[in-house]
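Colleague: Starting off with a structure, shown below.
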Amino acid sequence: MQDQATHATVEVPSHNGEADVMAISPMMMGLTWVTFILVTLILYKVAWRPILATLERREQTIRTAQENAEKIRLQLQDMEEKRRQAVADAEKQAKEILAAARRAAEEAGRVIEEKSRREAQILVENAERDIGKARDNAVAALRRESAELSIAIAGKLIGSNLDDEKNRSLVDKLIGQL
């Protein structure tokens, strides 16, 4: 009997006289629990910790990637805003440059026009002065010729030859009175 007591299995008679495999044995239950706990501890140390550590690293990597993606998205938004601002500033400067160029062109046009007017005025004044001199010279020449002609006519009329200098002064005096 001692030999039978040391065995872990207890045979329970069934209806046919065979052992019942579905019967619950406290010893088998204890061994199953011990085996389960040992396998669980071994798996926890050998596989579960590295799997959890890998999952933690992966989760951290994903979280970091999400944070970096958000930072990059914010930087891209900031860069886009700066680009828009730079384009707006460039357009504003271009408009200012064009406006300044227009003003400079208008001012240059006014200066050229004013200079042309002054030059034209000077040319007109010079022409008037030249015309005046030419008229004065023509009048003086006409007077001299008139005086000489008058002297010649008077000399023929009088029949005597008078002094040319006296005749000229007399003719100049008569012409001046006219």
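Colleague: Cβ-Cβ under 7 Å, sequence separation 6+ or interchain: first residue in segment 74-85 and assigned to a helix (DSSP H, G or I), partner among the small types (Gly, Ala, Ser) and surrounded by 10 or more Cβ atoms within 10 Å (Cβ to Cβ). Which pairs?
Modeller: Note: no pairs meet the criteria.
Colleague: Sticking with this one: Checking Gln60 against (1) surrounded by 10 or more Cβ atoms within 10 Å (Cβ to Cβ); (2) at pLDDT below 95, which single condition isn't satisfied?
Modeller: With respect to (1) surrounded by 10 or more Cβ atoms within 10 Å (Cβ to Cβ); (2) at pLDDT below 95, Gln60 is out only on (2).
The values are calculated or read from the model by the stated rules, or taken from the named source; none is laboratory data. Just so it is clear, the structure is predicted and the values come from calculations on it, not from any experiment. A quick note on method: Cβ atoms are made from the backbone with ideal geometry, for glycine too, and the neighbour counts reach across all protein chains shown.
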